[in-house]
């Protein structure tokens, strides 16, 4: 479901209609479908903010997200994407992998942050992704540190995993920071996504207490 420029009150109503009371899995980790993350950590930690640094457009952030969608659909789990720059292309994702996704389309950081604060408190979601990867760094650096810590506290009171894509390390409250390392060649355009995901190079930059590897 795509939600273009929705007010917060409208978004709350849509959440209640789209995602009624959910049954929670027992695991404190959410699998990603990316071997370099799942083999090392077991997945993304619930109750926590994770930052995924995407230093270049070709490092694989969209591949990472497509794997997340396929994996969470199989669980099943409920996912929200806060598309801060309104650049997500649903045509690039298999239709069946979009059925459990709430897509909130924003046009600026100022639009995205109130939505992030609301969704971080949504008990019936399993994963919230805030995509800041294509947003210019000067805009992101104006976000106060207190805003990030408030977001971490909100996520910590639910069972969801909160993932932020950024172009550089800038989330001070991130309990886990990962970084995409590999730039994909042009030949990768002809390779099926599941095969590319096997080689997706994600390294751990920081891990704080409370995030326990599998």
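Exactly one residue among 70, 116 is assigned to a helix (DSSP H, G or I), crowded, with 22+ Cβ neighbours inside 10 Å and either modelled with pLDDT of 95 or more or under 15 Å from the mean Cα position of the chain (by Cα) (or both), and that residue is 116. Hey, any hits in the stretch 53-60 for a residue that's touching a helix residue (DSSP H, G or I) at 6+ places or on another chain (Cβ under 7 Å), in contact (Cβ under 8 Å) with a residue 24 or more places away in the chain, closer than 22 Å to residue 157 by Cα and not in a helix (DSSP H, G or I)? The answer is no; no qualifying residue exists. Per the conditions (1) touching a residue at least 12 places away in the same chain (Cβ under 8 Å); (2) over 22 Å from residue 71 (Cα atoms), the sole criterion not satisfied by residue 163 is (2).
Checking the stated criteria, residue 172 turns out to be modelled with pLDDT of 95 or more, closer than 22 Å to residue 43 by Cα and out of contact with any strand residue (DSSP E or B) (no Cβ under 7 Å at 6 or more places or on another chain). Pairs meeting the criteria (first residue in the stretch 120-139 and at negative phi and without any contact (Cβ under 8 Å) to a residue 24 or more places away in the chain, second residue in a loop (DSSP other than H, G, I, E, B) and surrounded by fewer than 24 Cβ atoms within 10 Å (Cβ to Cβ), beta carbons under 7 Å, at least 6 apart or on different chains) are lacking.
The values are calculated or read from the model by the stated rules, or taken from the named source; none is laboratory data. Remember, it's a predicted structure, so these values are computed and weren't measured experimentally. All Cβ positions, even for glycine, are placed from backbone atoms using ideal geometry, and neighbour counts span all protein chains on display.
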